[in-house]
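Peer 1: Below are the structure tokens for one structure; questions will follow.
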Protein chains: 2
Amino acid sequence: MPQSVQAIHARWVIPVEPTNTVLDHHTVVIEDSQLAAIVPTAQWQSSGAHVEEISLPEHALIPGLVNAHTHAAMSLFRGMADDRPLMDWLENHIWPAEARAINREFVRDGTRLAAAEMLLGGTTCFNDMYFFGDEAASAAIEAGIRAVIGMIVIGFPSAWAADVDEYFRKGQAVHDKFRDHPLITSAFAPHAPYTVDDHALRRIATLAEELDLPVHMHVQETKDEVERAIAVSGVRPLRRLQGLGLVTPRLLGVHMTCLDDDELDLLAHSGATVVHCPESNLKLASGFCPVAKLLARGVNVACGTDGAASNNDLDMLGEIRTASLLAKGVAGDPCALPAAQALRMATYNGAQALGLERSIGSLEVGKQADMVAIDLGELRARPVYDPVSQIIYSSHRDQVSQVWVGGRRVVRDRQLVTLDLADVRAATDDWAERIRQA
Amino acid sequence: MPQSVQAIHARWVIPVEPTNTVLDHHTVVIEDSQLAAIVPTAQWQSSGAHVEEISLPEHALIPGLVNAHTHAAMSLFRGMADDRPLMDWLENHIWPAEARAINREFVRDGTRLAAAEMLLGGTTCFNDMYFFGDEAASAAIEAGIRAVIGMIVIGFPSAWAADVDEYFRKGQAVHDKFRDHPLITSAFAPHAPYTVDDHALRRIATLAEELDLPVHMHVQETKDEVERAIAVSGVRPLRRLQGLGLVTPRLLGVHMTCLDDDELDLLAHSGATVVHCPESNLKLASGFCPVAKLLARGVNVACGTDGAASNNDLDMLGEIRTASLLAKGVAGDPCALPAAQALRMATYNGAQALGLERSIGSLEVGKQADMVAIDLGELRARPVYDPVSQIIYSSHRDQVSQVWVGGRRVVRDRQLVTLDLADVRAATDDWAERIRQA
């Protein structure tokens with residue numbers, strides 16, 4: 001007997017798998033942490049008085065959104081240095097601020113801020129790359145959000161680790177510590193081809209196989225990065241990673257704006273994932289990821305917000321709207337990345353990239369109940385000819401009314417029940433004051 | 001003595017003119033319909049008990065947003081036919097639906113829906129191009145929003161007019177009817193170079209001078225349009241309009257994705273306005289307007305949402321965020337269209353395009369009090385290093401808490417006080433049912 005049963009009666013259920021399916025007037029039954037049934041509401045019968053019934057007569061239920069690339073704690077830098085050239089932004093603002101500010105408390109407070117924003121916007125899982133992964137994991141658990149904690153490796157010292165060996169040691173200690181927590185998994189997170197050497201990358205390739213983990217890495221974010229790599233090593237970064245055994249289904253290559261046809265084929269044959277971050281790519285003028293071409297070749301494309309310092313929000317609904325619009329513009333084809341495919345990119349494809357597609361990413365019986373209710377009753381979402389179109393093209397995260405993670409309803413009637421938002425806000429403003437004065 | 005005085009104490013006032021100005025802890029005084037004073041709150045003294053004081057301790061006040069191109073009533077087609085090739089969309093969905101649906105009631109109900117959405121999102125003035133302009137004007141007056149009503153001219157019969165002469169006659173009757181209303185002005189609105197002949201365009205050029213009115217027209221929306229025009233007439237559309245005397249400061253050329261260098265110079269020398277509609281251009285894969293190049297040459301660039309059938313919202317805050325991000329991507333320059341310039345595009349530049357810059361478009365004493373309060377106290381807008389950055393890159397229209405048009409507070413604490421939203425919604429859903437079954 002389950003300890004808790006919820007029956008959610010929804011106007012629409014959009015399971016994502018199978019694709020292109022919209023169920024009218026269906027009831028989703030959650031038993032403990034799992035999806036136990038999806039049935040027409042007219043056929044639903046309560047199993048008893050202990051069942052909590054939730055009526056959502058104007059809402060669509062979708063799988064929880066998966067943010068496949070972010071640096072959560074950087075939300076504390078949101079809006080600190082916009083509209084600047086990339087290297088000025090990095091060298092004169094972001095890196096010095098990081099050097100001054102980052103410590104355990106920064107990552108705890110920044111990740112709490114990010115987790116609150118993400119949950120309220122329908123994101124139920126995020127793939128993080130930052131320092132002090134144990135603090136990020138603890139903040140995620142406190143907030144009730146699923147997280148993939150990156151074991152960051154970078155060829156520079158930081159407040160977190162003095163050298164590559166220490167990055168490995170500390171990352172794996174975090175992995176071991178949270179190994180059995182239902183909300184936390186791990187990924188290797190080598191920062192980028194230009195900041196991690198071959199020796200460390202080979203070690204990651206071996207360990208990722210041994211531990212059965214994804215590898216999360218910025219790759220070919222800009223044309224400039226590719227040209228510098230060729231000047232230094234004679235080879236494009238993705239080919240170098242291939243030579244090191246890293247271009248496999250485990251790889252999440254983030255950004256990938258600069259890809260030639262051979263690389264498109266390589267990605268397709270290898271089964272690697274491209275994590276598309278359209279708003280960061282636009283804001284930093286990094287280039288245009290060829291999303292329609294990747295999808296046409298069958299590449300798994302997931303979607304991420306990047307950090308709030310270069311976006312400047314962690315809004316996955318907004319991100320896939322931008323992705324869908326931009327894909328059409330870049331491909332010159334108004335049929336590119338249609339609404340249903342954009343929704344899949346932000347759910348199932350992200351789960352698959354993270355090796356979590358057996359437990360999340362779609363509303364299927366037996367999976368974890370990571371689920372979001374979107375209110376399509378508001379005037380600006382009316383009329384509703386097609387609920388999937390309305391979700392992608394007309395809806396915004398403030399229409400997210402309910403959010404479940406592993407069966408727990410963490411957002412109720414647009415209120416986050418897990419964190420004290422006044423506390424989060426106070427800590428956020430304190431950090432801004434310190435950073436401003438530093 | 002003014003009949004009504006409001007004193008709004010705000011955390012920030014962003015007047016747009018002068019540019020790059022952020023006033024901390026200032027009070028804006030509205031007397032009747034006008035901005036009467038902007039003073040530091042510490043120096044403000046009440047003129048008596050009749051003053052309504054409004055405290056906005058975490059808010060930024062900005063000028064009301066000007067939506068410089070829309071087809072308001074088309075909101076009833078929102079999401080009806082997405083992800084389709086342009087000609088399939090137009091010929092098999094939009095035009096047949098218009099042929100079946102459009103009448104006086106459609107324009108009244110659709111414009112009420114659009115006006116409600118726009119006001120709640122901080123848009124206080126819209127430049128409309130559609131049929132039954134008298135209904136659109138009446139709906140705008142009812143909603144309390146400022147509108148520029150397009151006297152549409154198109155070389156096809158419609159439910160509104162049988163031929164070009166009737167379009168002229170009816171358009172000018174609308175102009176005459178609302179001439180003295182403080183919320184309504186008029187513009188000539190020839191649909192596009194390919195749907196209006198030289199004779200009608202010459203007539204518009206003459207009448208626009210006589211009546212001192214703007215000319216609002218789709219121009220060079222796609223490369224295909226330009227190539228077809230060359231095939232038919234041997235000349236690019238903008239050059240043809242120049243020959244007809246239409247490329248003047250009165251012109252609002254909408255879309256303009258396809259521009260060569262000579263045309264960039266022509267626009268700069270002529271003083272014409274380009275109305276940039278980035279989300280519509282992306283969604284229909286129309287091409288990329290060269291916004292950074294236009295601004296570098298000093299062209300007045302305004303911003304519009306286009307209709308909700310191709311966007312699919314009327315969200316000007318979202319539109320200028322997209323405009324700013326896309327301008328950087330297209331220019332390959334993260335400094336292109338910085339936040340303050342994007343805000344100016346959606347306010348002052350729009351007012352200037354419409355010949356309204358002496359009365360709206362900035363918060364200056366003596367202008368009409370068209371003003372919007374944006375709540376920057378919410379977690380997802382924190383921290384606040386730079387309020388202008390937060391408005392453009394991190395804020396969304398649901399943070400709009402108060403909206404004034406001509407001194408009247410039409411949105412109070414996020415509620416529209418002028419229309420019954422349940423009525424608007426019921427009419428909207430009725431239309432969708434009729435259109436779906438037609």
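Peer 1: Provide a list, ordered by number, of residues in the stretch A:308-342 showing at least 40 Å² less accessible area with every protein chain present than when their chain is taken on its own, using a 1.4 Å probe.
Peer 2: A:321, A:325, A:329, A:334, A:335
Peer 1: For the protein assembly as shown, what is the calculated [θ] at 222 nm in deg cm²/dmol (nearest 500), taking -39500 (n - 2.57) for each run of four or more DSSP H residues and dividing by its residue count?
Peer 2: Values: 29 runs with 304 residues, N = 876.
Per the formula, -10500 deg cm²/dmol.
Peer 1: Report Rg/Rh for the protein assembly as shown, rounded to two decimals, where Rg is the Cα radius of gyration and Rh the Kirkwood radius. All intermediate terms of the calculation are to be shown ahead of the outcome.
Peer 2: Numbers: Rg = 27.1 Å, Rh = 27.9 Å.
Ratio value, two decimals: 0.97.
Peer 1: Compute the label-point distances linking residue A:52 to its equivalents in the other copies; points lie 7 Å from Cα along Cα→Cβ; give nm, one decimal, shortest first.
Peer 2: Residue A:52 label point versus its equivalents elsewhere: 4.2 nm.
Peer 1: Can you give the convex hull volume per residue for the Cα atoms of the stretch B:139-298, as a whole number of Å³? Write down the numbers at each step before the final one.
Peer 2: Details: hull volume 21.5 nm³, N = 160.
Hull volume normalised by residue count: 134 Å³.
Peer 1: Here's another thing I want to ask about it. Could you state the angle between the C-alpha long axis of helix A:316-331 and the longest principal axis of the C-alpha atoms of chain A, as a value from 0 to 90 degrees rounded to the nearest 10?
Peer 2: Once rounded, one gets 70 degrees.
Peer 1: Oh, and also: Too long at a 24 Å Cα-Cα cut-off: which of A:223/B:293; A:170/A:283; A:283/B:367; A:293/B:223; A:223/B:223? Before the final figure, lay out each step's value.
Peer 2: On the way: A:223/B:293 22 Å; A:170/A:283 33 Å; A:283/B:367 34 Å; A:293/B:223 22 Å; A:223/B:223 27 Å.
Beyond 24 Å between Cα atoms: A:170/A:283; A:283/B:367; A:223/B:223.
Peer 1: A follow-up question, please. Over every pair of different alpha-carbon atoms in the stretch A:65-353, take the mean of 1/r and invert it; report that Kirkwood radius in Å. Kindly include the intermediate steps, with their values, before the conclusion.
Peer 2: Numbers: mean 1/r = 0.0535 Å⁻¹.
After inverting the mean inverse Cα-Cα distance, the result is 18.7 Å.
Peer 1: Further question: Expressed in nm to one decimal, what extension gain is obtained for the pair residue A:99 and residue A:417 from 0.36 nm per residue of sequence separation less their Cα-Cα distance? Working shown, then result.
Peer 2: Working: separation 318, 0.36 × 318 = 114.48 nm, distance 3.36 nm.
That works out to 111.1 nm of additional length.
Peer 1: Counting only heavy atoms of protein chains, what accessible area per residue, in Å², does the stretch A:65-353 have with a probe of 1.4 Å? Mind dumping the intermediate values first?
Peer 2: On the way: 8860 Å² over 289 residues.
Here the per-residue accessible area is 31 Å².
Peer 1: As an exercise, use a Förster radius of 56 Å and the Cβ-Cβ distance of residue B:176 and residue B:333 to find the FRET efficiency, rounded to the nearest 0.05. Don't skip to the answer; put the middle values down first.
Peer 2: Working: r = 47 Å, r/R0 = 0.85.
Result of the calculation: an efficiency of 0.75.
Peer 1: How far is helix A:164-178 tilted, in degrees, relative to the longest principal axis of the Cα atoms in chain A, given as a value from 0 to 90 rounded to the nearest 10?
Peer 2: For A:164-178 against chain A, the angle is about 20 degrees.
Peer 1: Cα centroid distance between the stretch A:111-174 and the stretch B:348-402, in Å?
Peer 2: What the calculation gives is 36 Å, centre to centre.
Peer 1: While we're on this one: When only alpha-carbon atoms are used, what values of Rg and Dmax, in angstrom, describe the stretch B:218-334?
Peer 2: Both quantities, over Cα of the stretch B:218-334: 13.8, 40 Å.
Peer 1: Under 20 Å from the 7 Å Cα→Cβ point of residue A:159, by amide nitrogen: which residues of the stretch A:82-113?
Peer 2: Residues A:90-113 qualify, since their backbone N sits under 20 Å from the label point.
Peer 1: Enter the buried accessible area of the B/A pair, total of both sides, probe 1.4 Å, in Å² rounded to the nearest 100. Each step should come with its number before you reach the end.
Peer 2: Details: alone 17270 and 17290 Å², together 29660 Å².
Heavy-atom accessible area buried at this interface is about 4900 Å².
Peer 1: Using only atoms on other chains, find how many Cβ atoms lie within 10 Å of each Cβ of peptide B:83-92 and report the average.
Peer 2: 3
Peer 1: List the residues of the stretch A:359-388 whose accessible area drops by at least 10 Å² when all protein chains are present, compared with their chain alone, using a 1.4 Å probe and counting only protein heavy atoms.
Peer 2: A:377, A:379, A:380, A:382, A:383, A:384, A:385
Peer 1: Would you mind checking the stretch B:369-410 for residues with the amide N under 15 Å from a putative spin-label position 7 Å along Cα→C-beta of residue A:434?
Peer 2: B:383
Peer 1: Give me the distance between the Cα centres of the stretch B:253-281 and the stretch A:1-38, rounded to whole Å.
Peer 2: Rounded to whole Å, the Cα centres lie 49 Å apart.
Peer 1: On to the next question. What net charge is computed for the residues neighbouring residue A:71, neighbours being all others with C-beta under 9 Å from the C-beta of residue A:71, Lys and Arg scored +1, Asp and Glu -1? Walk me through the intermediate numbers first.
Peer 2: Values: positive: none; negative: A:128, A:306.
Within the 9 Å Cβ shell, the charges total -2.
Peer 1: Here is a further query. Of the accessible area of the stretch B:65-353, with the probe set at 1.4 angstrom, what percent is carbon plus sulfur?
Peer 2: Working: 4520 of 8870 Å².
That fraction is 51 percent.
The values are calculated or read from the model by the stated rules, or taken from the named source; none is laboratory data. This one's a predicted model, so the numbers in the text were calculated from it and none came from an experiment. Note that each Cβ is placed from the backbone with ideal geometry, even for glycine, and that neighbours are counted across all protein chains shown. Note: accessible area is taken over every heavy atom of the protein model, side chains too, but ligands, DNA and RNA are not part of it. Shrake-Rupley method; radii C 1.70, N 1.55, O 1.52, S 1.80 Å.
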